[in-house]
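The values are calculated or read from the model by the stated rules, or taken from the named source; none is laboratory data. Everything numeric in this text was worked out from a predicted model, so none of it was measured. Glycine gets a Cβ as well: all are built from the backbone with ideal geometry, and neighbour counts include every protein chain shown. SASA here: full protein model, heavy atoms, side chains in, ligands and nucleic acids out. Shrake-Rupley method; radii C 1.70, N 1.55, O 1.52, S 1.80 Å.
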Amino acid sequence: MTPSLSILVIDDNKIRASIIEQGLLDAGHDKVIVVDQMDGLLRKITTIEPDVIVIDLENPNRDQLEHIFQVTRAVQRPIAMFVDKSESGSIEAAVDAGVSAYVVDGLKKERVKPILDMAISRFRAYSRLNRELEEARTELAERKTIDRAKGIIMKSKGISEDEAYRLLRKTAMNQSRKIIEVAQGLVIASGLLED
């Protein structure tokens, strides 16, 4: 982990917050900011812009967890959460809300750094998978659009699929555009003419 990371510690218990803060300082992190008020939490996170967030809730009730989960859904950062007790379903809800590490009854100064490292690694892996999934979805959507455009050309000109694709490609080259842009224009225009 890079020691220059900015780490936000959220904890309304100053003693517990000091355990986390000391663990991070001992691990070489000198940019540790502690927030002990939950009011306006999202605004505070937006203002501070931390690289990583550590949340500690001693005995969270369902409302506190839901409030925290609403905040974690909104920020795209590695998040490690420490709780003393956990109800069934809380772990799954935490993961769904973007929490990278959810640790029950494990707050010890010497454990903070390895758990934080794990949270960062998981966040990066999850972000990479999300990016790859989004690229695959975009590629699939573009293929469907190009297939629709080829179908329109095949039907209107009475030509084969290969010929329709070559015509799309040639038009794109002549107009210095991407094939998907030409295909999207054709599909939109065709839809307008059908009405």
Item checked: Linear extension gain, Q70 paired with I15, 0.36 nm per residue minus alpha-carbon span -> 17.3 nm
Check: In debye to the nearest 20, how big a dipole does the stretch 110-176 give about its Cα centre with +1 on each Lys and Arg Cβ and -1 on each Asp and Glu Cβ?
Finding: 120
Check: FRET efficiency for I159 and E139, Cβ-Cβ distance as r, R0 = 35 Å, nearest 0.05?
Finding: 0.85
Check: So what is the relative contact order of the chain, in percent, for Cα pairs below 8 Å that sit 6 or more residues apart?
Finding: 16
Check: Put S156, S100 in order of accessible area, largest first, 1.4 Å probe: what do you get?
Finding: S156, S100
Notebook entry, point to check: Between D26 and S190, how many nm apart are label points set 7 Å from Cα along the C-beta direction?
Noted result: 6.6
Note to self: For the chain, set up a GNM with springs between Cα atoms under 10 Å and report which of V182, V95, V32 has the largest fluctuation.
What the structure shows: V182
Check: Using a 1.4 Å probe on the protein chains only, how many percent of the accessible area of the stretch 1-44 belongs to carbon and sulfur?
Finding: 52
Checklist line | Surrounding net charge for K150, when Lys and Arg each add one and Asp and Glu each subtract one, Cβ distance under 12 Å | finding: +3
Next item on the list: May I ask you to give the solvent-accessible area per residue for the chain, in square angstrom, as obtained with a 1.4 angstrom probe?
Entry: 62
Check: Roughly how many percent of the accessible protein surface of the stretch 61-195 is carbon and sulfur, given a 1.4 Å probe and a whole-percent answer?
Finding: 50
Item checked: the chain, dipole about Cα centre (Lys/Arg Cβ +1, Asp/Glu Cβ -1), debye to the nearest 20 -> 1020
Margin query: For T171, T47, T72, give me the order by solvent-accessible area with a 1.4 Å probe, most accessible first, ignoring ligands, DNA and RNA.
Written below: T47, T171, T72
Check: Quick one: what do you get for the chain if you divide its Cα Rg by 2.2 N^0.38 Å?
Finding: 1.55
Check: What do you reckon, how do F69, F123 stack up by accessible area (1.4 Å probe), largest on top?
Finding: F123, F69
Margin query: What does the extension gain come out to for I91 and M173, with contour length at 0.36 nm per residue minus their alpha carbon separation?
Written below: 24.3 nm
Next item on the list: Report the residue, chosen from I152, I15, I120, that carries the largest GNM mean-square fluctuation when the chain is represented by alpha-carbon nodes joined by springs under 10 Å.
Entry: I152
Next item on the list: Only Cα pairs under 8 Å and at least 6 apart count here; give the relative contact order of the stretch 73-118 as a rounded whole percent.
Entry: 44
Next item on the list: Report the extension gain between R62 and I48 in nm, rounded to one decimal, defined as 0.36 nm multiplied by the number of residues separating them, less their alpha carbon distance.
Entry: 2.4 nm
Item checked: Spin-label zone in the stretch 1-45 - amide nitrogen under 17 Å from a point set 7 Å from the Cα of S121 along the C-beta vector -> 1-3
